[in-house]
């Protein structure tokens, strides 16, 4: 079975690893190419866009893809929407592998916001802000001249940045002790995060809880439609190994 995994996440890499050990599968993992030095999954990998939904539909048809797994980041709304449309147009079953969202627990001081614009408004009232949303979307905070920002990302942002900032290039996972030390060292007063879920960067939330620091939490975009939605690579493998005709 020819399977396309739209990846770039730890779940996508784990799925590629476990499916590579199964007989009867021909896996291609696709990465958007937005990270300069990505962590590559096992097996065949392609890097770069498809040219929108129409380009992806053509690619699926030309390469004989029989099932698609959308295991992209929960905030990769454009590629997920393109995948839903392309798979439907090509008649290829689509599974969404979506990690569970984080939920606040006892001691958490979350400020839920719907988008980056509202996150910037919430951060504007603080003097020292820890921005942990990756490099995309940082420009939403560029007009905030008063606060100082600690901006953590894997690669340097290419858009406008707030005038007062320090850029920290780092890739998770991070430990609780590391996050507490980082926030304490920089006098962080508020953390801004996307609700990405997963355990690679969850320690920042535990650190904020320990230090009594509020977290501006950006809600996930509405998910694109899919035939099936699961929350683990193991469940995705079970779907892939079901008999054809039972997606």
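The values are calculated or read from the model by the stated rules, or taken from the named source; none is laboratory data. Only a predicted model underlies this, so the values are computations on that prediction, with no experimental measurement involved. Here the Cβ positions follow ideal geometry from the backbone for every residue, glycine too, while neighbour counts run over all protein chains shown.
Observations on the model:
- Check on residue 68, closer than 16 Å to residue 236 by Cα and not assigned by TED's automatic domain parsing to the domain that holds residue 198: yes
- Among the residues making up the range 100-115, those that are more than 24 Å from residue 158 (Cβ to Cβ) and surrounded by fewer than 18 Cβ atoms within 10 Å (Cβ to Cβ) are 100, 101, 103, 104, 105, 106, 107, 108, 109, 111, 112, 114.
- Restricting the first member to the range 116-138 and to residues that are surrounded by fewer than 21 Cβ atoms within 10 Å (Cβ to Cβ), and the second to residues that are assigned to a helix (DSSP H, G or I), the beta-carbon pairs closer than 6 Å and six or more apart or on different chains are 116/140; 137/116.
- Residues in the range 43-80 that are within 24 Å of residue 221 (Cβ to Cβ), out of contact with any strand residue (DSSP E or B) (no Cβ under 6 Å at 6 or more places or on another chain) and surrounded by fewer than 18 Cβ atoms within 10 Å (Cβ to Cβ): 8 in all.
- Evaluation of residue 158 against (1) within 21 Å of residue 217 (Cβ to Cβ); (2) under 22 Å from the mean Cα position of the chain (by Cα); (3) assigned to a loop (DSSP other than H, G, I, E, B) (one fails), failing number: (1)
- Counting only strands (runs of 3 or more DSSP E) that sit completely within the range 8-82, those holding 1 or more residues that are free of Cβ contacts under 8 Å to residues at least 60 places away in the same chain correspond to 26-31, 44-47.
- With respect to being outside any helix (DSSP H, G or I), surrounded by fewer than 20 Cβ atoms within 10 Å (Cβ to Cβ) and over 20 Å from the mean Cα position of the chain (by Cα), residue 89 falls outside the description.
- Some residue of the range 125-133 being modelled with pLDDT under 95 and outside any helix (DSSP H, G or I): yes
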